Amino acid sequence: MAKYKLEYLWLDGYEPVANLRGKTQIKEFAKFPKLEELPLWAFDGSSTRQAEGKSSDCILKPVAVYPDNTKKNGALVMCEVLLPGSLEPHPSNGRAGIPDDPGAWFGFEQEYFLYKNGKPLGFPENGFPYPQGAYYTGVGYDSVGCIAREIVDTHLDLCLDAGINHEGINAEVAKGQWEFQIFGKGSKNAADQVWVARYLLMRLCEKYGVDVNWHCKPLGKDVDWNGSGMHTNFSTDIIRDVGGKEYFEALMAAFDKYKNEHIAVYGPDNHLRLTGLHETQSIDKFNYGVANRGASVRISQKFIDTGYRGYLEDRRPNSQADPYKVAGRILQTIATVPAPAAPKKGKK
């Protein structure tokens, strides 16, 4: 038997943006524990805005486990928060009630800024660096500085070691801004991985005296610097395998109909980012377009060429959005559209 360090992670009750929390317990296992072997655990909800001091217990329910190769016998345990006694989902638990389907695939493009001493990495003490242009996918000290690439490359390795479906990284349009991409099958699975990837990045940055700024427009809307999104690529079995122009247009009509419901869970302060500038559509409008980075939903030419089948990209979610709620809302809207009949074998 070996003593395993189990880092239990959960989302607290802060609004409008929940914070990640974590604490470690030691348990003995013969080998790396399976999810069903991990026990429930309690925490003080009065310190996380999830309970009152006179009745402060909240319960952590493990929902996903990943190896943590930075520690001997380490494990990262993503959890839902439950109410004591009844073990019903806590009101702050945004994961428990979302639609889920292993045939629904999600790819989250998580943008963020690295901050030090109150400003993005690479910004001068006063004012701004030279304008946007060379930073996106930039190479060299003048574009990316001396520690950012070490951070993002190390983060990539940490995610891969943990078994997270990390699909790539790049420097983004603004100075000090970066992106990582996570893919998962099933809304809960995909979002679990995003939250653990966020945790790994934040924990890694502690070593460098650097913060991760997830805000969608940290430099403000009145300056000519891009904000941060979490563009969400999605598909279902029907969208990938059946598709069709009529079904696609019905989907887009539903996304337009429910645009306010989407915006409500697509992250706070999105009005600062969705202005119609900097590769965004205005927050009060919905549109779609082929290869249009300023559209609400971007579609690829390949999607059209293959009979309106494949995946779609919702570009409205911002970098602080809860991926559980984003994926859940997308599936809720898709569910309002009658699915077309699958073509008979041998026919397209």
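The values are calculated or read from the model by the stated rules, or taken from the named source; none is laboratory data. Please read these numbers as outputs of a predicted model, since none were measured by experiment. Cβ atoms come from the backbone with ideal geometry, glycine included; neighbour counts cover every protein chain shown. For the accessible areas, the whole protein counts, side chains as well, though only heavy atoms, and no ligand, DNA or RNA atoms are used. Shrake-Rupley method; radii C 1.70, N 1.55, O 1.52, S 1.80 Å.
Under a model in which nothing but the beta-carbon of Lys, Arg (+1) and Asp, Glu (-1) is charged, the chain shows a dipole of about 620 debye around its Cα centre.
Here the simple spin-label model places points 7 Å from the Cα toward Cβ, and for residue 24 and residue 5 these points are separated by 0.3 nm. Accessible area per residue was computed with a 1.4 Å probe on protein heavy atoms; residue 139 scores about 120 Å². Solvent-accessible area of the range 101-208 (1.4 angstrom probe, protein heavy atoms only): carbon and sulfur portion equals 52 percent. Pairs from the table (31/188; 31/54; 188/302; 34/175; 257/302) lying more than 32 angstrom apart at Cα are 31/54; 34/175.
Between the alpha-carbon centres of the range 70-104 and the range 286-311 there is a gap of 33 Å.
Each residue of the range 187-204 was assigned a 3J(HN,Hα) from its phi angle through the Karplus expression (A = 6.51, B = -1.76, C = 1.60, θ = phi - 60°), giving 5, 5, 4, 4, 5, 3, 5, 5, 5, 5, 5, 4, 4, 4, 5, 5, 5, 4 Hz with x at Gly and Pro. Across the protein chains, with a 1.4 Å probe defining accessible surface, the residues 188, 221 rank 221, 188 from largest area downward. Overall, the accessible surface of the range 210-325 at a probe of 1.4 angstrom is composed of carbon and sulfur to the extent of 47 percent.
Within the shell of other residues whose beta carbon sits under 12 angstrom from the beta carbon of residue 260, the net charge comes to +2, with Lys and Arg scored +1 and Asp and Glu -1.
For residue 221, a cut-off of 12 angstrom between C-alpha atoms picks up these aspartates and glutamates, skipping any fewer than 8 places away in its own chain: 269.
Taking the centroid of alpha carbons for each part, the range 235-251 and the range 147-214 are 31 Å apart. Taking only the Cα atoms of the range 167-318, the ratio Rg/Rh comes out at 0.98, with Rh defined as the Kirkwood radius. Overall shape of the range 14-81 was characterised from the C-alpha gyration tensor. The equivalent ellipsoid obtained from it has semi-axes of 25, 14, 10 Å, in decreasing order. Ranking 220, 277, 327 by how far each Cα lies toward the positive end of the dipole of the chain (charges on Cβ) leaves 327 at the top. Charge tally for residue 17 (other residues, Cβ to Cβ under 11 Å; Lys, Arg +1; Asp, Glu -1): -4.
Solvent-accessible surface of the range 5-148, taken per residue with a 1.4 Å probe and all protein chains present: 51 Å². The modelled label-to-label distance between residue 211 and residue 87, using points 7 Å beyond Cα along the C-beta direction, is 3.9 nm.
Do any GluC sites (Glu not before Pro) in the range 117-207 lie in a DSSP loop with no more than 16 other beta carbon atoms within 10 Å, and if so, which? Filter output for the range 117-207: 125. Between residue 237 and residue 55, the modelled labels are 4.3 nm apart [label points 7 Å from Cα along Cα→Cβ].
Ellipsoid fit via the Cα gyration tensor, the chain: semi-axes of 32, 28, 20 Å, each the root of five times an eigenvalue, largest first.
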